[in-house]
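The values are calculated or read from the model by the stated rules, or taken from the named source; none is laboratory data. Bear in mind that the values here come from a model prediction, so they are computed numbers and not experimental data. Counting neighbours? That spans all protein chains shown, and the Cβs are built from the backbone with ideal geometry, glycine included.
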Amino acid sequence: MNSLNILPQWFIVIYTFLIGLCCGSFLNVVILRGLKGESFTFSRSKCPKCNTQLTWYMNIPLLSYIFLKGKCAYCKEHISIQYPLVEALCAILFCIAYLSFGLSLKTIFIWIFLSFFIILATTDILETVIIDVHTYILAILGLVYNIFNFGYVNILNSIIGAIAGFLIMEALAFLGTLFLKHRAFGEGDSLIALSLGAIFGYKNLLIIIPLSILIQAIVSLTILAFGELKNKNIKLGLSYIFVFISLFIVGFLNFNSEIYNSNNYLLIVVPLCVLLLWSLKIVLDDLKNKKITAKNSTDEQTPVFKLLPFGPAMILSATLALFYLDKIKEIILNFIY
Ligand SMILES: [Zn+2]
């Protein structure tokens, strides 16, 4: 490793980017075969549409997609944007990991964690499926990571973390059934939390899980708002956006001690809260209406509104925690006190 340290940093970054691209290309195969339930082989890739075997130059990460203009060279069918996105994301994250942790064994562990994160998030986004074995391998790697003392916690904390992660998500899912009449979170989410608990330990889960709920809320509100605006429900759409923005403003004001301690604080916050309550009422009335329509519909199983998978939010939260755990802790502590 030391002999590598004499190389210029830009050179290692480019090299890391290329490794990330190749790894991303491999992850695409794992994702596709996992979703199809095929066992893993190293056979040559085929076009999923026309089944023609691809030559090597159609398999170059990122570049092939760009030169083929996103179409299969044989049948001209569109190639899913998932392929270049996963490759680029993997390459960028690998570079961030190298720049954060240098050339070290820890970085290699982080690369492997990131790879599993990408697999879990992608299968969840594509088909709301979490493949169990991926989470088990990740949990074992998390324990090994902490045995080597690369992480934030000792091995005991890591084991407790895995159990706690699973139990916390199962408890939240159970609470969800009381309100929504169906599981609020899938079993896959509990398994993701199990592996994250093994990596980060149980105390850090108390930061990662609330952060994922916040991320989920932001994404859901945005999607709901744009959906309503698209359907020309301007008042409702704007209410969603206002709920979203005012939460941020209140958060920002609490964070900014100068405003928080001044007399102007109440002058800003009280009208803001009145407006927030008003838009919340519009939003809740709408949700109640949707619930009634769902009840009257013949299909008993129809959820009130289609829930987004929670896995990607947890993965995003965990990715942020891999790099910025101390920063996130500081912000949350500042937020509370
Ligand atoms: Zn084809």
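Computed values, structure above
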{"read-out": "The listed residue being over 26 Å from THR135 (Cα atoms) and either in a helix (DSSP H, G or I) or within 16 Å of the ligand (Cβ to nearest atom) (or both), out of ALA97, ALA73, ALA91", "value": "ALA73"}
{"read-out": "Given (1) over 20 Å from the mean Cα position of the chain (by Cα); (2) surrounded by fewer than 18 Cβ atoms within 10 Å (Cβ to Cβ); (3) not in a helix (DSSP H, G or I), number of the condition LEU156 does not satisfy", "value": "(3)"}
{"read-out": "Breaking point among (1) assigned to a helix (DSSP H, G or I); (2) surrounded by 15 or more Cβ atoms within 10 Å (Cβ to Cβ), for TYR136", "value": "(2)"}
{"read-out": "Residue tally, condition β-branched (Val, Ile, Thr), touching a Leu at 6+ places or on another chain (Cβ under 7 Å) and modelled with pLDDT under 95, over the stretch 190-207", "value": "0"}
{"read-out": "Residue match in the stretch 17-27 (condition: more than 16 Å from the ligand (Cβ to nearest atom), over 24 Å from ILE119 (Cβ atoms) and under 27 Å from the mean Cα position of the chain (by Cα))", "value": "no"}
{"read-out": "Long-range neighbours under 7 Å by Cβ, at least six apart or interchain, first residue within 12 Å of ALA73 (Cα to Cα) and within 13 Å of the ligand (Cβ to nearest atom) within the stretch 40-61, second at pLDDT 80 or above and charged (D, E, K, R)", "value": "LYS49/GLU77; CYS50/GLU77"}
